[in-house]
Amino acid sequence: MQSKWFAHSGNGPKRDERFETIFEHVDAVTRRASQYAATFGAEEQARAAGLFHDLGKYSPQFQRRLQDSREPGRDHWTLGAWALLGQKKASAIMPALAILGHHAGLPSLDSLTSLNQRLSRVLNDEPQRFTTSSVQEHQAAMKQFLADGFEMPRLSGSGLVPRHSQAADMLDTRMLFSTLVDADFVETEAHFEGDSETHRRPRDEGAAMRVEEMIAALDRYATKFLIESPSTIDTLRQRLAERCGDVGATHELGAFTLSAPTGFGKTIAMLRFALEHARKHTLRRIVVVMPFLNIIDQTAAIYREIFPSERFGDGIVLESHSAAGCDVDANGQDSVTRSEIRRRVLSQNWDAPIVLTTNVQLLESLHAHRPSRCRKLHRLAGSVILFDEVQTLPPKLAVATLATLSRLCDPAGPFRTSVLFATATQPAFESLSKRVSQIIDPNKFTGKPPTWQPVEINDAGREMFDIASTRVRVRWGQDRPVALGDLATRLAKHRQSLCIVNLKRHAIDLASAVAATCESVLHLSTNMTLGHRTQVLDEVRKRLIFNQPIHLVATQCVEAGVDLDFPVVMRALAPLEAIAQAAGRCNRNGRRPTCEMAVFTIDDRHASGRARRAYPPGYDLAVAATNLFVNTVLSRGTDEAPEILNDPDRMGDY
């Protein structure tokens, strides 16, 4: 028989209506967490975590707290973790950690014995921290738990258990943690959205992956771009899309790379791979990871054109990033429609067939310990994860990220996920295999040495890069610094030009210098809001299409994945992969004769004559390596120069 022990205070507009009993809340969280974890075979452990996550709320102190805010808030979760560890099974460790972390943040992994001893000690030595402060109160809470009709959770020993592998244990724990955290968030929200008449108002579930209809929609979209007399680039784009579809439809789950020059249709080709892969393996989600908000905005517009809301509904494509849902109306006011509110809610835990997010959001979900960051992580199970412009991943996190992704997409593992790295400048991540293997299990659960050895999809890469090398001729002038005024004069001589610099102050100063001689200058940097950047890019594209004068001065935010096609590009000296990306904005579609991109350095000094900082933090070493590498290649003769940016092997050497 259910008692009147409460988990949450009153709901309704004034939070003074219906209280929620512990039984109602725990039962709902347990069922939802188990459902989430069933995707990777850990439903038994998720059920145990759900049952015990609020065990300490069965206490007079917590009940007083609900009635009187002056009553101090105390730890109501440690008791449940300790009780679960009492089963003395290794399969109890991860659910116990999930319970401990669902409010305070995930603690470090420990052995069963050490963790049990630590919790026993703190419950005994610091009783004032907890809602139950004595052995008698611990026992009373457990007695009331059973009186409410719950059964003791039983762990068979299956599911996710520590394997003495840093990467696998970290990910496995976070995955289970995310199921409890997300279930707790969702069910608590359902209570507080209710009132005395409608006790609970659960959120609507996200849309399902209707993969057959989505493939048909992509086919319809692709036919719009078929032309009677395709160029060589058009033919290769079509070949790349078909190849991606074939690999997705025939290969097993695992790690993949897609290496192709900018402008060869990777955005659509990746989507083709993901949909065919989802059909083959009955996957439930596509997660697209990108470095910059303007690329996400651009890609979301394409995806929503492919999957229109009138056919697929509003929740088919979700954006999850810092500016998502910040739309404004014509008067500059916050524009929040019912469908936008729903998208915001669903993006909190990535409940959609297609999720577009940033490197920051994905890496935080994989590696952070806070509940709000980790709650969406369980959605990666049974998914295809597409990393676009993967060269932008932070180098310091490369080994940890590769190790985690290796576990996530391990064909012998529980998560049924594939990962694709796409870029024109594929980092030599294979060279990190030995370091990756040092932080994952030596046998990688399959008896084979663990390495990051993905399958390359593009079988026409060499041909594509050869064609790309004819689009742009690079003039290397980095050894001759140029003043901003002289650079402005050079830009203004052209009818249409793009200049990419490394610092925001350089972009502002250069744009002002160009504006002094012509009216057709626009400026773009991350100092601007996403909406403002989108407006500028729309204006730039319009002027390019109608062959109107345009001089765009921008920072790095424009060089990766942004669909622009200038006849002239100038790029301040930067890491080689950034220069290659900038070249992708020059004669992108190959419809002009060979165009020119100039590489330069800025002569920037204080009034005293002392040189000012020329690069953003973290750029200096990569720029120095680029300068040395390029000069070494150029010293062999000018015939080597065109290959620098369009030779995957040479880029790998760099």
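Only the coordinates and a few stated rules stand behind these numbers; no lab work does. For clarity, every value in this text was computed on a predicted model and none was experimentally measured. Cβ: placed from backbone, ideal geometry, glycine included. Neighbour counts: every protein chain shown.
Remarks
- With the convex hull of the Cα atoms taken as the outline of the stretch 574-626, the averaged projected area works out to 4.9 nm².
- Pairs of alpha carbons in the stretch 463-653 separated by more than 26 Å make up 29% of all such pairs.
- GLU17/SER108 FRET efficiency (R0 45 Å; Cβ-Cβ; nearest 0.05): 0.65
- Each stretch of four or more DSSP H residues adds -39500 (n - 2.57); spread over every residue of the chain, this sum gives -13500 deg cm²/dmol at 222 nm.
- If only the Cβ of Lys and Arg carry +1 and only the Cβ of Asp and Glu carry -1, the dipole of the chain around its Cα centre is close to 720 debye.
- In terms of its alpha-carbon gyration tensor, the stretch 63-102 comes out prolate; a/c meets the 1.5 threshold, and the first ratio a/b outweighs b/c.
- Charged side chains reduced to their Cβ positions (Lys and Arg at +1, Asp and Glu at -1) give the stretch 463-653 a dipole of some 700 debye around its Cα centre.
- Summary of the geometry: the stretch 388-442 and the stretch 143-211, compared by the centres of their Cα atoms, lie 28 Å apart.
- Available extension along the chain between GLU430 and GLN128 is 103.5 nm, counting 0.36 nm per residue and deducting the alpha carbon span.
- A dipole drawn for the chain from +1 and -1 charges on Cβ atoms has a positive end, and of ASN587, GLN67, HIS164 the residue lying farthest that way is HIS164.
- Two-decimal log10 I(q)/I(0) for the chain, as the Debye equation yields it once each C-alpha is a single scatterer, q = 0.05, 0.10 Å⁻¹: -0.28, -0.98
- 13 Å Cα-Cα reach of LYS280 towards aspartates and glutamates, excluding residues that sit fewer than 8 places from it in its own chain: GLU212, ASP246, GLU252
- Inter-label distance, nm, simple model (7 Å from Cα along the C-beta direction), ASN631/ARG201: 6.7 nm
- Cβ charges +1 (Lys, Arg) and -1 (Asp, Glu), total dipole of the stretch 490-571, debye: 180 debye
- Neighbourhood net charge (11 Å Cβ-Cβ; Lys/Arg +1, Asp/Glu -1) for LEU97: -2
- Charge sum, other residues only, whose C-beta stays under 12 Å from CYS518's C-beta, Lys/Arg counted +1 and Asp/Glu -1: +1
- Pairwise FRET efficiency - ALA516 versus HIS367, Cβ, R0 = 56 Å, nearest 0.05: 0.75
- Ordering THR357, THR223 by the number of other Cβ atoms within 10 Å of each residue's own Cβ, fewest first, gives THR223, THR357.
- Straight-line cross-link partners of LYS4 among the lysines, defined as a Cα under 24 Å from its Cα and at least 8 positions apart when in the same chain: LYS14, LYS57, LYS143.
- Whole-angstrom gap from the stretch 489-561 to the stretch 50-67, using each part's C-alpha centre: 58 Å
- FRET efficiency for ALA216 and THR250, using Cβ-Cβ distance with R0 set to 30 Å, rounded to 0.05: 0.90
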